[in-house]
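The values are calculated or read from the model by the stated rules, or taken from the named source; none is laboratory data. The structure displayed is predicted, hence computed values, not measured ones. Here the Cβ is made from the backbone with ideal geometry for all residues, glycine too, and neighbour counts use every protein chain on show.
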Amino acid sequence: MFSLQNIRKHYGAFPAVTDVSLEIKNGESLVLAGESGSGKTTLCRIAAGMEKADTGQVILDGNILAPSCRKRSFSDCAAIQYIFQDPYHALESGFTVRKTLEECTRICKRHQREVMAAEDALAYVDRRLLEYLDRPVRELSGGQRQKVCIARALMPNPKVIIADESTSMLDKKSGMEVFDLLHRIKEEKNLILLAVLHDVDFSCTKWERIAIMYQGCLVEQAAFADFKTYAKHEYSRAWIAAYDYFHGNLHPSPAERAAMNERNADI
Amino acid sequence: MKNGTSGKRMSFRQKTCIMVLSIYFFIAAFAPLIMPYEVTDFSHPSLAEPCRQYLLGTDEMGHDIFSLLIYGFRLTVCMALAAGFFSTLTGTVLAFCACYLGKAADHVITMTADLFIIVPEMVIVMFAAVFAEPTMINTELAIILFSWPRVYKIIRGKLKDCMNSSKVQYTMMMKGSIADVLQKLMPDIMPSVQTYFILQTNKAVTYETTLSFFGIGDPLAKTWGKLIRAAMDYENLYYDRVFLWYFIPVILVVVVFVVSLALLVHGGE
């Protein structure tokens, strides 16, 4: 169980996040949606310990975590992995893929934490990436980089993966691949997946819950499947109206999508 | 080590500068072999004109000017490199401390740097050198002590940006060591640090020469500045053609060195 309780964060007079409480069960995926500046990213950064909340607590499996990752224990830090929005800045472009991933191995070994081998993590994410292992990151496309980021996040066997608009810099097909991958990992490893999402069309239908943020407040939480029917808040309605997905127009359709993934696997 | 600059092809200007500078370093390294006489040897006839025995003639005391000039290479170039290196190092290390250790450290170091920056560097360096014991080391320390703040200011700005980039945030989030963080910062800040090293070296030559010229600093160190001072002190410098071998060569040597260093940076942008 991963929960955020009464999180509040104000930047000067600007209320970025106001008293947000959120609970996610193990093995559950949650979409955090809302307009730009509604506090989604701030909330995620607080959860990951990159930012200190003014008040409120982050609780993982009953343990209250320290407010910032400088004060958290290593195992708490490693248990929550963050996937950044911009894969071009999240990896050092001069390093090889191997060197990038081995940073994680090195740090984990130093703290005596069990860690997946770089090759295994990469193969788990996408077998095709193995041939890039000794190539510099700058030769990789955005989608490939994001997969390397996911492999790196997977290595210390985390309990929570936070994906902060991880597909906003990618083309639609790569974005779909990334989300399919995240869902596969979530299913197979029974992780908690918290994703900030702008474009739900992009994503797949496997989300379990959705939470809508508006001007720093959490205005609505619902099961993803029921959301269209039960959404009450004005912003939620407007949000639903904006996306084809909620009007039954899925492109590609689930069948096409499955075929696409199969084709990818063959290449 | 791979970094941003090594991959780029060098411009013609940069190649020329590097060639000129290599000659300087070569002369500095082998100065004792090139010098025909000891710098302390004033047994030669005074004010001799250039000839095969005394390539640039002798001064009024009977020193061989060519030997003095060559010895200046060693002293001035080494001194400038050391001053450039240590002031850049100090500035960079303090900038890293300010960014890594958090708000309090940042505040204190930036305040100190600002204090130094308010006063023109040359004035404060001269002031310090006047009151310190006139030795080479003190001149060097004065230059290092008062010229790091500019390096600090620029590198700190750059580091601040880098520390907030996702790649470093990941390392911080994973509680990586200082070495892990540095490994990620290096590729981004090394080009700036290299540039600053060259600029600071350049500055050190100018400062040292100026200080010697004003008669501040070690009276026994035979630097280029001392040679310029000695030439200027000779009252008949322009009376005859003496300035041609007493004054012009050393001025040229200083100017070429400073300009090559400056152009090396300029060509790299």
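Among the residues of segment B:145-160 satisfying the criterion of being over 12 Å from B:Val93 (Cα atoms) and crowded, with 22+ Cβ neighbours inside 10 Å, which is nearest to the chain's Cα centre (by Cα)? Full working, then the answer.
First pass over segment B:145-160, keeping only residues over 12 Å from B:Val93 (Cα atoms): B:145-147, B:150, B:154, B:157-158, B:160.
Subset that is crowded, with 22+ Cβ neighbours inside 10 Å: B:146-147.
On the way: B:Phe146: 13, B:Ser147: 11 Å.
Taking the candidates together, the pick is B:Ser147.
Please tell me if A:Ala33 is modelled with pLDDT under 90, within 16 Å of the chain's Cα centre (by Cα) and closer than 22 Å to A:Ser166 by Cβ.
yes
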Note to self: So in segment A:87-112, with the set limited to residues that are within 8 Å of another protein chain (Cβ to nearest Cβ) and within 16 Å of A:Ile161 (Cα to Cα), which one is surrounded by the most Cβ atoms within 10 Å (Cβ to Cβ)?
What the structure shows: A:Cys104
Margin query: Are there helices (runs of 4 or more DSSP H) fully within segment B:28-111 with at least 1 residues that are small (Gly, Ala, Ser) and modelled with pLDDT of 90 or more? List them.
Written below: B:78-101
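Which helices (runs of 4 or more DSSP H) does segment B:207-269 wholly contain that include 1 or more residues that are loosely packed, with under 15 Cβ neighbours inside 10 Å and in contact with a Cys (Cβ under 8 Å, 6 or more places away or on another chain)?
none
Assess whether B:Glu140 counts as being crowded, with 20+ Cβ neighbours inside 10 Å and of a type in the set (Asp, Glu).
yes
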Checklist line | Pairs where the first residue, in segment A:16-27, is on the phi > 0 side of the Ramachandran plot and the second is in a loop (DSSP other than H, G, I, E, B), C-beta under 6 Å, 6+ apart | finding: A:Gly27/A:Asn190
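Restricting segment B:177-187 to residues that are of a type outside the set (S, T, N, Q) and closer than 13 Å to A:Thr100 by Cα, which is farthest from the other protein chains (Cβ to nearest Cβ)?
Checked segment B:177-187; the qualifying residue farthest from the other protein chains (Cβ to nearest Cβ) is B:Val181.
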Next item on the list: Kindly indicate whether A:Leu30 is in contact (Cβ under 8 Å) with a residue 40 or more places away in the chain and within 14 Å of chain B (Cβ to nearest Cβ).
Entry: no
Check: What helices (runs of 4 or more DSSP H), lying completely within segment A:16-117, carry at least 3 residues that are farther than 27 Å from A:Val137 by Cβ?
Finding: A:40-48
Notebook entry, point to check: Looking at A:Glu102, A:Glu92, which is the one that is under 21 Å from the mean Cα position of the chain (by Cα), among the acidic types (Asp, Glu) and more than 25 Å from A:Glu262 (Cβ to Cβ)?
Noted result: A:Glu92
Check: Here are some residues: B:Val168, B:Val130, B:Val123, B:Val181. Which one is in contact with a Cys (Cβ under 7 Å, 6 or more places away or on another chain) and either over 27 Å from B:Phe73 (Cβ atoms) or modelled with pLDDT under 90 (or both)?
Finding: B:Val168
